[in-house]
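Heads up, the thing below is written out as C-alpha cells.
The values are calculated or read from the model by the stated rules, or taken from the named source; none is laboratory data. Here the structure is a predicted model, which is why all the values come from computation and not from measurement. Ligands, DNA and RNA are stripped out before the accessible areas are found, and what is left, the full protein with its side chains, is counted by its heavy atoms. Shrake-Rupley method; radii C 1.70, N 1.55, O 1.52, S 1.80 Å.
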Amino acid sequence: MIESNLPHLTASTLNHYKGLPVQTTEHNPYFLEIVANTYRELTTICARYNKVIVFRVDLFTPTVRTRDGAFKPLKHASDINIKNFRKSAIRELERKYKSKVAYQWVREYKKSEDGEDRWHWHWWFAVKCSKDKRPHTQAKEAQDIVINVWDKKIGESPDNNASSWFYLERKDFSPSQRMEQQKQIACGSTEDANDVWINRNAILGRRINKGMVMGGVVDECFYTLTYLAKVVSKVRSNSTKSQHISRSSQQKTDDQRRGRQEEIERNLADIHTSLAEELQPIAMQTNTPD
C-alpha cells in the first residue's frame, strides 16, 4: 500500500529561498525542509573551497530483463542499504579529490509503463574543483564514480543516469557577477557559458520556466538542485514508512589549521549576503551570435 501523506514536512510554493530561485508553480509545491538543507550544504562547501564542482545522479533499484524484454525490479526500496552506499561513495570521492563532500538525496516512487513499482533516488554531491582537470571532465568522472559504487553495492539498472553538473567560483556570487553570468548564459556568447559553467541545452529542455535563465551559475545550480524537493513522487509504503525520505550531509565550518575556521565562517557570511538579492529571470536566446 502506498501512502502519499508526509505530515511532518511543510510544503511551499514560494519561488525563492534566501534570494535563490526554487523550482515550483502554484500546482507544483516543494518541501521547505529539503530546500533549506540544500541551501545550507551548498553554501557551506562553497565557503570552504573557492571552486566547487556540483553534480547530480539519478539511481534506481536494480532490474532483470524478462522474457518479453521488459525490465523487472529485483529489489524493493526497503531492501536498499542507502547508508552503506553513501559511505562507500563518499569515501571514493574523498580519496579521489582530497575534498570534503557535501551531498543530499531523496527517495521517490513511480509506476513503470508495465505497472511495476519503481523506487529511485535523486542525489547531488559537491566536491572541491580539481586543479588538473577541466570542470566538465571532473564532473563526468565523479558521476561515473558514484554510479559504479551503486552498481557494485546495490545492483545495476539501465535507468541509472548522470544528470546535470555545475562549476561554482565563490568570486562569482555577488549580484553583479551573477547578472553578468546570466546574460552570458542567455546569449551563449562565451566558451565558458557553453562548456565550463553549465549545459545550456538542459535549460532549454526543462519543463518549468522553459527557456528562462534564472540567474548566474549559482542561481541555476540551486534552481536545478531544488528539483529534489518537489512534493510529487514523495511517497511511502508500509515497508518504507520507518525510513527517511531525504537526508543530507551536515557540514561544519571547523578546521584544524590556525585561523581557517574563522575564514570559512567569514566566507559563509559573505555568501549569505551576496545571495540575498533575487534576480529576475531573462529569456534565453536560441540563435547563434555573430
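In what order, largest first, do Y227, Y39 sit by accessible area if the probe radius is 1.4 Å?
So the residues, ranked largest to smallest area, are Y227, Y39.
Rounded, prolate or oblate: which fits segment 123-194, taking a ≥ b ≥ c as square roots of the Cα gyration tensor eigenvalues, rounded meaning a/c under 1.5, else prolate when a/b beats b/c?
prolate
Past 19 Å, Cα to Cα, is the threshold; run K51/K171; K131/K171; K100/K131; K75/K110; K110/K153; K96/K252 against it and keep the listed order.
Checking Cα-Cα distances, K110/K153; K96/K252 exceed 19 Å.
Quote to one decimal, in nm, the extra length available between R91 and K110 on full extension: 0.36 nm per residue of separation minus the C-alpha distance between them.
Length difference between fully extended and current span is 3.8 nm.
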